[in-house]
Amino acid sequence: MKNTIIKVVLFIVIIVLAYFVVESFMKTVRFDKEQRKRSDVVIQSLKDIRAAQFSFKAINGIYAHNFDTLIDFLETGEIPVVKIIPDPEDTTFTKTINDTIAFVLVKDSLFKHKGPNFKIKDLAFIPFSDGEEFIMSAGEIEKGKVKVNVFEAIARKEFYLKGLNEELVSRESVTDLKVGSMSEPSTDGNWE
(Lines give C-alpha, C1' and ligand atoms only; values in the text may rest on other atoms or scores of the structure.)
Protein backbone atom coordinates (compact mmCIF):
# COMPACT_ATOMS: atom_id res chain seq x y z
CA MET A 1 0.00 0.00 0.00
CA LYS A 2 2.81 2.40 0.93
CA ASN A 3 4.59 1.66 -2.38
CA THR A 4 1.44 2.39 -4.34
CA ILE A 5 0.98 5.78 -2.63
CA ILE A 6 4.61 6.70 -3.33
CA LYS A 7 4.22 5.66 -6.98
CA VAL A 8 1.04 7.74 -7.37
CA VAL A 9 2.67 10.79 -5.72
CA LEU A 10 5.78 10.44 -7.94
CA PHE A 11 3.59 10.06 -11.03
CA ILE A 12 1.72 13.27 -10.14
CA VAL A 13 5.03 15.09 -9.51
CA ILE A 14 6.35 13.90 -12.89
CA ILE A 15 3.19 15.10 -14.65
CA VAL A 16 3.38 18.52 -12.94
CA LEU A 17 7.08 18.92 -13.77
CA ALA A 18 6.47 17.84 -17.38
CA TYR A 19 3.71 20.44 -17.63
CA PHE A 20 6.03 23.21 -16.37
CA VAL A 21 8.80 22.18 -18.79
CA VAL A 22 6.40 22.13 -21.76
CA GLU A 23 4.76 25.40 -20.68
CA SER A 24 8.16 27.08 -20.38
CA PHE A 25 8.99 26.03 -23.93
CA MET A 26 5.55 27.00 -25.27
CA LYS A 27 5.75 30.44 -23.61
CA THR A 28 8.83 31.18 -25.72
CA VAL A 29 7.19 29.77 -28.86
CA ARG A 30 4.05 31.90 -28.35
CA PHE A 31 6.19 34.98 -27.69
CA ASP A 32 8.28 34.44 -30.84
CA LYS A 33 5.14 34.01 -32.94
CA GLU A 34 3.56 37.20 -31.55
CA GLN A 35 6.85 39.08 -31.92
CA ARG A 36 7.07 38.13 -35.63
CA LYS A 37 3.45 39.18 -36.19
CA ARG A 38 3.96 42.55 -34.50
CA SER A 39 7.34 43.12 -36.17
CA ASP A 40 5.77 42.65 -39.60
CA VAL A 41 3.18 45.35 -38.89
CA VAL A 42 5.77 47.76 -37.44
CA ILE A 43 8.14 47.14 -40.37
CA GLN A 44 5.36 48.06 -42.79
CA SER A 45 4.83 51.30 -40.84
CA LEU A 46 8.56 52.04 -41.04
CA LYS A 47 8.48 51.39 -44.80
CA ASP A 48 5.59 53.86 -45.07
CA ILE A 49 7.59 56.45 -43.10
CA ARG A 50 10.55 55.88 -45.43
CA ALA A 51 8.36 56.35 -48.53
CA ALA A 52 6.91 59.52 -47.03
CA GLN A 53 10.39 60.84 -46.24
CA PHE A 54 11.54 60.10 -49.81
CA SER A 55 8.61 62.12 -51.18
CA PHE A 56 9.28 64.95 -48.74
CA LYS A 57 12.94 65.07 -49.77
CA ALA A 58 12.10 64.95 -53.49
CA ILE A 59 10.02 68.11 -53.12
CA ASN A 60 11.89 69.96 -50.33
CA GLY A 61 15.50 68.81 -50.75
CA ILE A 62 15.79 67.62 -47.12
CA TYR A 63 14.10 65.06 -44.88
CA ALA A 64 11.39 66.11 -42.42
CA HIS A 65 12.69 66.60 -38.87
CA ASN A 66 9.44 65.68 -37.14
CA PHE A 67 6.08 64.07 -37.72
CA ASP A 68 4.13 67.34 -37.63
CA THR A 69 6.03 68.60 -40.66
CA LEU A 70 5.89 65.24 -42.45
CA ILE A 71 2.17 64.71 -41.84
CA ASP A 72 1.32 68.26 -42.91
CA PHE A 73 3.25 67.63 -46.14
CA LEU A 74 1.44 64.32 -46.69
CA GLU A 75 -1.95 65.95 -46.15
CA THR A 76 -1.41 68.99 -48.36
CA GLY A 77 1.65 68.33 -50.55
CA GLU A 78 1.43 67.63 -54.26
CA ILE A 79 3.63 65.62 -56.59
CA PRO A 80 3.89 66.66 -60.24
CA VAL A 81 2.81 64.21 -62.94
CA VAL A 82 5.36 64.57 -65.70
CA LYS A 83 4.93 63.58 -69.34
CA ILE A 84 8.22 62.74 -71.01
CA ILE A 85 8.35 62.89 -74.81
CA PRO A 86 11.29 62.62 -77.20
CA ASP A 87 12.63 65.89 -78.57
CA PRO A 88 11.39 66.07 -82.20
CA GLU A 89 14.51 67.96 -83.25
CA ASP A 90 16.85 65.26 -81.90
CA THR A 91 17.61 62.58 -84.48
CA THR A 92 19.46 60.41 -81.95
CA PHE A 93 16.39 60.11 -79.69
CA THR A 94 18.50 60.81 -76.60
CA LYS A 95 17.00 64.16 -75.65
CA THR A 96 13.60 64.40 -74.04
CA ILE A 97 11.10 67.10 -73.19
CA ASN A 98 9.58 66.95 -69.71
CA ASP A 99 6.14 68.48 -69.41
CA THR A 100 4.26 68.74 -66.10
CA ILE A 101 0.68 67.90 -66.97
CA ALA A 102 -0.92 67.71 -63.51
CA PHE A 103 -0.37 67.45 -59.78
CA VAL A 104 -1.57 64.67 -57.48
CA LEU A 105 -1.82 64.77 -53.67
CA VAL A 106 1.03 62.94 -51.96
CA LYS A 107 -1.35 60.99 -49.71
CA ASP A 108 -3.29 59.76 -52.75
CA SER A 109 -0.10 58.68 -54.44
CA LEU A 110 1.62 56.97 -51.51
CA PHE A 111 -1.21 55.59 -49.42
CA LYS A 112 -4.02 54.86 -51.85
CA HIS A 113 -3.47 51.12 -51.33
CA LYS A 114 -4.13 51.51 -47.58
CA GLY A 115 -7.84 52.02 -48.14
CA PRO A 116 -10.32 54.64 -46.97
CA ASN A 117 -9.86 53.90 -43.25
CA PHE A 118 -6.16 54.83 -43.22
CA LYS A 119 -5.44 58.03 -41.32
CA ILE A 120 -2.22 59.86 -42.19
CA LYS A 121 -1.87 61.00 -38.55
CA ASP A 122 -1.57 57.34 -37.47
CA LEU A 123 1.75 57.16 -39.33
CA ALA A 124 3.48 58.69 -36.29
CA PHE A 125 2.30 56.03 -33.84
CA ILE A 126 3.89 52.64 -33.22
CA PRO A 127 1.38 49.81 -33.68
CA PHE A 128 0.53 47.86 -30.48
CA SER A 129 2.04 50.59 -28.26
CA ASP A 130 -1.07 52.36 -26.97
CA GLY A 131 -0.16 55.67 -28.59
CA GLU A 132 3.64 55.84 -28.35
CA GLU A 133 5.29 57.66 -31.25
CA PHE A 134 8.16 56.50 -33.41
CA ILE A 135 11.36 58.34 -32.53
CA MET A 136 12.20 60.31 -35.65
CA SER A 137 15.07 62.63 -36.44
CA ALA A 138 16.65 64.08 -39.55
CA GLY A 139 19.71 66.11 -40.34
CA GLU A 140 22.85 66.31 -42.36
CA ILE A 141 26.14 64.45 -41.97
CA GLU A 142 29.42 64.67 -43.80
CA LYS A 143 30.57 61.49 -45.51
CA GLY A 144 33.67 61.53 -47.70
CA LYS A 145 33.73 65.34 -47.66
CA VAL A 146 30.18 65.39 -49.03
CA LYS A 147 27.17 66.62 -47.04
CA VAL A 148 24.39 64.04 -47.06
CA ASN A 149 20.83 64.38 -45.78
CA VAL A 150 19.86 61.57 -43.41
CA PHE A 151 16.87 60.53 -41.32
CA GLU A 152 16.06 57.81 -38.81
CA ALA A 153 12.83 56.41 -37.38
CA ILE A 154 12.91 53.98 -34.47
CA ALA A 155 10.28 51.75 -32.84
CA ARG A 156 11.51 50.81 -29.37
CA LYS A 157 10.96 47.13 -28.58
CA GLU A 158 9.38 48.01 -25.22
CA PHE A 159 6.65 49.88 -27.12
CA TYR A 160 5.77 47.55 -30.00
CA LEU A 161 5.99 44.47 -27.75
CA LYS A 162 3.97 46.11 -24.97
CA GLY A 163 1.94 43.63 -22.94
CA LEU A 164 4.19 40.65 -23.72
CA ASN A 165 6.47 38.86 -21.26
CA GLU A 166 9.01 41.51 -20.14
CA GLU A 167 11.72 38.93 -19.49
CA LEU A 168 11.49 37.71 -23.10
CA VAL A 169 11.29 41.29 -24.46
CA SER A 170 14.57 42.13 -22.71
CA ARG A 171 16.50 39.34 -24.49
CA GLU A 172 19.42 40.53 -26.62
CA SER A 173 18.00 38.83 -29.70
CA VAL A 174 14.93 41.09 -29.52
CA THR A 175 15.79 44.49 -30.99
CA ASP A 176 14.35 47.90 -31.65
CA LEU A 177 13.19 48.24 -35.25
CA LYS A 178 14.55 51.19 -37.21
CA VAL A 179 14.84 52.62 -40.70
CA GLY A 180 17.55 55.01 -41.81
CA SER A 181 20.54 56.17 -39.80
CA MET A 182 21.80 59.42 -38.32
CA SER A 183 25.43 58.27 -38.58
CA GLU A 184 25.51 56.63 -42.04
CA PRO A 185 23.99 57.67 -45.38
CA SER A 186 21.59 54.70 -45.34
CA THR A 187 17.83 54.45 -45.71
CA ASP A 188 17.76 50.70 -45.06
CA GLY A 189 15.88 49.11 -42.20
CA ASN A 190 17.69 46.96 -39.65
CA TRP A 191 15.48 44.04 -40.68
CA GLU A 192 16.78 44.11 -44.28
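The values are calculated or read from the model by the stated rules, or taken from the named source; none is laboratory data. Since this is a predicted model, take the numbers as computed values, not measurements. Using ideal geometry, Cβ is built from the backbone for each residue, glycine included, and neighbour counts are taken over all protein chains shown.
Here the condition is being modelled with pLDDT of 90 or more, more than 19 Å from the chain's Cα centre (by Cα) and either on the phi < 0 side of the Ramachandran plot or acidic (Asp, Glu) (or both); of Phe73, Phe25, it holds for Phe73 alone. Looking across the range 89-99, the residues that are at pLDDT below 80 and farther than 25 Å from Ala58 by Cα come down to Asp90, Thr91, Thr92, Phe93.
On the stretch given as the range 96-124, residues that are in contact with a strand residue (DSSP E or B) (Cβ under 8 Å, 6 or more places away or on another chain) and either touching a residue at least 24 places away in the same chain (Cβ under 8 Å) or closer than 16 Å to Asp48 by Cα (or both) total 6. The requirement of being of a type in the set (Phe, Trp, Tyr), surrounded by 10 or more Cβ atoms within 10 Å (Cβ to Cβ) and within 24 Å of Met182 (Cβ to Cβ) is fulfilled somewhere in the range 67-77, by at least one residue. Among the residues of the range 84-99, those that are in a loop (DSSP other than H, G, I, E, B) and either under 30 Å from Lys157 (Cβ atoms) or not basic (Lys, Arg) (or both) comprise Asp87, Pro88, Glu89, Asp90, Thr91, Thr92, Phe93, Thr94.
Rundown of residues vs (1) within 27 Å of Phe159 (Cβ to Cβ); (2) of a type in the set (Phe, Trp, Tyr); (3) modelled with pLDDT of 80 or more; (4) part of a helix (DSSP H, G or I), yes/no style:
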site	(1), (2), (3), (4)
Phe20	no, yes, yes, yes
Gln35	yes, no, yes, yes
Val41	yes, no, yes, yes
Thr69	yes, no, yes, yes
Val82	no, no, no, no
Ile101	no, no, yes, no
His113	yes, no, no, yes
Asp122	yes, no, yes, yes
